[in-house]
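The values are calculated or read from the model by the stated rules, or taken from the named source; none is laboratory data. Quantities reported herein were computed from a predicted structural model and do not represent experimental measurements. Cβ coordinates were reconstructed from backbone atoms using ideal geometry, including for glycine residues, and neighbour counts include every protein chain displayed.
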């Protein structure tokens, strides 16, 4: 009996380039505009800053931002890995309390 042959690990795919990141973020921005949210909200400017940082630096980001007054929350994942598609979804958080 001989030694067991070990498989070589595949190289990880290269990270997304700036053009691919920009394309994904542009699609997400279009969906935000179609949702009818006002762009001048403080929370919206925060998410736009996070998107711009992701496009320019390629640093992955994930989290959620509460939209006051809308009873909604934005959950997002911006990944620099080529296999993972960046996404954002709006979630209903329930009725506001008294």
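Based on what the data block shows, is residue 91 modelled with pLDDT of 85 or more, part of a loop (DSSP other than H, G, I, E, B) and out of contact with any helix residue (DSSP H, G or I) (no Cβ under 7 Å at 6 or more places or on another chain)?
So residue 91 does not fit the description; no.
List every residue pair whose Cβ atoms lie under 7 Å apart, where the two residues are 6 or more positions apart in sequence or sit on different chains, the first residue falls within segment 69-85 and is free of Cβ contacts under 8 Å to residues at least 12 places away in the same chain, and the second residue, located anywhere, is surrounded by fewer than 16 Cβ atoms within 10 Å (Cβ to Cβ) and in a loop (DSSP other than H, G, I, E, B).
none
Out of 19, 52, 46, report the one residue that is in contact with a strand residue (DSSP E or B) (Cβ under 9 Å, 6 or more places away or on another chain), in a helix (DSSP H, G or I), exposed (fewer than 15 other Cβ atoms within 10 Å of the Cβ) and at negative phi.
Sole residue among the options that is in contact with a strand residue (DSSP E or B) (Cβ under 9 Å, 6 or more places away or on another chain), in a helix (DSSP H, G or I), exposed (fewer than 15 other Cβ atoms within 10 Å of the Cβ) and at negative phi: 46.
Looking at residue 75 and the list (1) surrounded by fewer than 16 Cβ atoms within 10 Å (Cβ to Cβ); (2) under 22 Å from residue 13 (Cα atoms), which single condition is not satisfied?
All conditions are met except number (2).
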